[in-house]
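Down below is the structure, laid out as structure tokens.
The values are calculated or read from the model by the stated rules, or taken from the named source; none is laboratory data. Since this is a predicted model, take the numbers as computed values, not measurements. What goes into the accessible areas is simple: the full protein's heavy atoms, side chains included, and nothing from ligands, DNA or RNA. Shrake-Rupley method; radii C 1.70, N 1.55, O 1.52, S 1.80 Å.
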Amino acid sequence: MSDYDSPWKMALDVYFQPFLELFFPQAHAEIDWSRGTESLDKELQQIVREAEIGRRYVDKLAKVWLKGGQEQWVLIHTEVQASEDADLANRMYVYNYRLFDR
């Protein structure tokens with residue numbers, strides 16, 4: 001299988017702030033960028049490893065702080081597909097509830 005996900009993950013690692021500014025300007029505006037971000041790759045790998053429904057890739061999980069001081073986790077999932085995936089909605093649901101449980 002071709003690895004289409006790794007280049008997207010690397011791009012998100014480098015361009016996380018501009019990515020949010022371009023695609024999610026409202027969310028970007030609520031983040032206190034002066035506090036930096038914290039990558040949560042280890043937490044993400046643990047969640048993915050525990051999944052029992054096959055191979056999973058979530059590209060970026062980061063901890064940010066909002067301007068009001070609250071900690072917030074931001075999950076960016078990039079899906080590069082050559083064909084339709086009937087199970088996509090289910091996989092997104094699994095990611096969401098596993099992260100919520102954490």
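Is it fair to say S34 is assigned to a loop (DSSP other than H, G, I, E, B) and either at pLDDT 90 or above or open to solvent by 60 Å² or more (accessible area, probe 1.4 Å) (or both)?
no
Quick one: in the range 37-79, of everything that is open to solvent by 20 Å² or more (accessible area, probe 1.4 Å), at pLDDT 70 or above and aliphatic (A, V, I, L, M), which residue is farthest from R98 (Cα to Cα)?
Here the answer is L66.
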